[in-house]
Amino acid sequence: MMKVTLDLTCSVCGHQQFHLPVNSQQGSNVRCANCSAFKCKILDLEKALSAVNRLSARGQPAAA
Ligand SMILES: [Zn+2]
């Protein structure tokens, strides 16, 4: 899992840092880094992944 700050807010505690799965073996759930609540999936995950792609866009092509 990788910890990132997103433009999302945990619905439980309001935290904005989340753990993202970095491969399919880790599933597709985004978890709050603070309270470990599962954020909902697809829509938020798309935002999350686009944020990750922005972070990783330097020097390497985004593997979208
Ligand atoms: Zn939380």
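The numbers here are math on the coordinates, done by the rules we state, and not lab data. As the structure is a prediction and not an experimental result, all values here were calculated from the model. Note that we place each Cβ from the backbone using ideal geometry, even for glycine, and neighbour counts take in every protein chain shown.
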Can you put Phe38, Phe18 in order, fewest other beta carbons within 10 Å first? Phe38, Phe18
Check Val30: other-chain or 5+ apart residues with amide H under 5 Å from its amide H, H built from backbone geometry? Lys39
Provide the per-residue ³J(HN,Hα) series for region 7-13, in order, calculated from phi with Karplus coefficients 6.51, -1.76, 1.60 and θ = phi - 60°, each as a whole number of Hz, with x at glycine and proline positions. 7, 10, 10, 4, 6, 8, 10
Taking the simple approach of a point 7 Å from Cα along Cα-to-Cβ for both Gln16 and Met1, what is their distance in nm? 2.0 nm
Give me, ordered by chain and number, the residues 5 or more places off His15 or on other chains with an amide H under 5 Å from its own placed amide H. Cys10
